[in-house]
Amino acid sequence: MDLDLGTVRAFVAVADDRHFGAAADRLGLSQQAVSKRIAKLESGLGVTLLHRDRTGTALTDDGVAFLPHARALIAMAEAAVASLGGRDRPLRVDVLGTRLAPTELIRRFHDAHRDVEIDIVTSRGLRTGLSALANGTVDAAFARVTGVLDPRFAHIPAYAEPHRFLASRKHRLAGRRRVRLADLAGSVAWMPGNEPGSEWTDLYTEMRREFGLRISVDGPDFGLDHLIDALAAAPDRYMFTGEAMRVPWHPGVVQIPVVDPTPVYPWSMVWLRRNRHPALPRLIDHVTAGYEPFDPARQWLPVTDIRDGGFG
């Protein structure tokens with residue numbers, strides 16, 4: 001049969017994640033679309049590659065035998081695309097959100113390299129960013145790196161972004177010049193934008209455990225403007241934000257630095273090692289030169305970020 005790379009890629013994603021839903025998120029597809037691709041592949045090969053059980057999805061013996069060849073096919077396809085890509089197109093960069101710190105990093109890069117045309121892309125973090133990097137949809141992505149990445153990808157620390165305390169001017173701490181984490185022990189941070197399974201939610205889970213905070217995700221997330229309005233009207237609510245995040249100005253809201261220690265958000269720049277876009281090395285050099293090292297004496301990160309993210 002003529003193998004469809006889309007079906008092979010879906011099989012590898014499910015084999016890696018052992019879950020159709022997680023694989024669908026990573027590929028940017030619906031779970032139904034992934035299931036159809038797997039069914040098409042199995043029908044063409046005449047074998048069953050995967051079976052589902054109560055704990056998730058497992059490989060059959062045929063699936064185990066086919067997996068290394070499937071990985072090789074995907075790698076060859078990516079190498080073919082990478083060998084041609086990047087010659088006459090913009091540098092595509094995933095910044096997660098245009099209000100977030102990486103957008104400012106890219107703006108500064110553009111100011112210093114006006115000859116480089118740039119396309120800004122937003123996604124759902126590394127859950128979709130890694131597949132976008134692998135298939136050449138983007139050339140670089142800014143995100144929090146958790147765990148050890150596939151060796152096809154490289155990453156460097158880009159920005160240890162200090163946190164700010166964001167609250168109504170009626171909040172009991174609103175008059176402080178600085179807010180200590182100890183002042184927030186036992187309190188509830190309102191973070192409705194925390195998506196289950198995202199790298200940013202995982203960071204705040206670690207922060208909650210370390211400093212005795214509680215996190216509430218109550219209420220739908222209608223966007224940042226709505227959140228700021230709701231925050232201004234609630235004297236008992238607060239949330240965390242990064243110092244470089246473009247928060248809409250509101251007369252009823254204050255931003256205060258968090259100290260003793262200062263939690264930081266560990267932004268990393270990630271790229272596919274085989275990517276040959278001519279501007280990519282210049283972006284890597286720019287990010288490396290501008291990185292201000294994480295300071296463990298006054299800042300806080302989970303141990304896993306210091307180790308796996310290169311922030312040590």
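The values are calculated or read from the model by the stated rules, or taken from the named source; none is laboratory data. Here the structure is a predicted model, which is why all the values come from computation and not from measurement. Cβ atoms come from the backbone with ideal geometry, glycine included; neighbour counts cover every protein chain shown.
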For this session: Give the residues of the range 261-312 that are among the small types (Gly, Ala, Ser) and surrounded by fewer than 18 Cβ atoms within 10 Å (Cβ to Cβ), sorted by residue number.
Result: Ala289, Gly290, Ala297, Gly310, Gly312
Exercise. Looking only at residues in the range 1-53 that are in contact with a Ser or Thr (Cβ under 7 Å, 6 or more places away or on another chain) and of a type in the set (Lys, Arg), which one is farthest from His69 (Cα to Cα)?
Worked result: Arg26
For this session: Looking at (1) in a helix (DSSP H, G or I); (2) surrounded by fewer than 18 Cβ atoms within 10 Å (Cβ to Cβ), find the lone condition where Tyr204 falls short.
Result: (2)
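Yes or no, residue by residue, for (1) surrounded by fewer than 17 Cβ atoms within 10 Å (Cβ to Cβ); (2) touching a residue at least 60 places away in the same chain (Cβ under 8 Å):
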{"residue": "Gly125", "(1), (2)": "no, yes"}
{"residue": "Ser131", "(1), (2)": "no, yes"}
{"residue": "Gly136", "(1), (2)": "no, yes"}
{"residue": "Ala140", "(1), (2)": "no, yes"}
{"residue": "Asp150", "(1), (2)": "yes, no"}
{"residue": "Ile156", "(1), (2)": "yes, yes"}
{"residue": "Ala160", "(1), (2)": "no, yes"}
Exercise. Where in the range 1-101 are the strands (runs of 3 or more DSSP E), entirely inside, with at least 3 residues that are touching a residue at least 60 places away in the same chain (Cβ under 8 Å), over 25 Å from the mean Cα position of the chain (by Cα) and outside the structural domain of Asp150 (by TED's automatic domain parsing)?
Worked result: none
For this session: Scan the range 220-246 for residues that are out of contact with any Pro (no Cβ under 8 Å at 6 or more places or on another chain) and surrounded by fewer than 18 Cβ atoms within 10 Å (Cβ to Cβ) and jot them down.
Result: Phe222, Gly223, His226, Asp229, Ala230, Ala233, Ala234, Pro235, Asp236, Arg246
Exercise. Would a scan of the range 230-238 turn up a residue that is more than 19 Å from His171 (Cβ to Cβ) and touching a helix residue (DSSP H, G or I) at 6+ places or on another chain (Cβ under 6 Å)?
Worked result: no
For this session: Please verify whether the range 220-233 includes one or more residues that are of a type in the set (A, V, I, L, M, F, W, C), part of a loop (DSSP other than H, G, I, E, B), closer than 27 Å to Thr98 by Cβ and modelled with pLDDT of 90 or more.
Result: yes
Seminar exercise, completed: Of those in the range 37-88 that are at pLDDT below 75 and hydroxyl-bearing (Ser, Thr, Tyr), the residue farthest from Gly136 (Cα to Cα) is Thr55
Problem set entry | Criterion: touching a Pro at 6+ places or on another chain (Cβ under 9 Å) and surrounded by fewer than 15 Cβ atoms within 10 Å (Cβ to Cβ) - qualifying residue of Arg172, Arg144 | Arg172
For this session: Identify all residues within the range 180-201 that are among the aliphatic types (A, V, I, L, M) and under 22 Å from Leu224 (Cα atoms); write none if there are none.
Result: Val188, Ala189, Met191
Exercise. Which residues, taken from the range 199-221, are more than 17 Å from Arg164 (Cα to Cα) and over 20 Å from the mean Cα position of the chain (by Cα)?
Worked result: Arg209, Glu210, Gly212, Ser216, Asp218, Gly219, Pro220
Exercise. Within the range 92-113, which residues are over 17 Å from Gly290 (Cβ atoms) and either of a type in the set (D, E, K, R) or touching a strand residue (DSSP E or B) at 6+ places or on another chain (Cβ under 7 Å) (or both)?
Worked result: Arg92, Asp94, Leu96, Thr98, Arg99
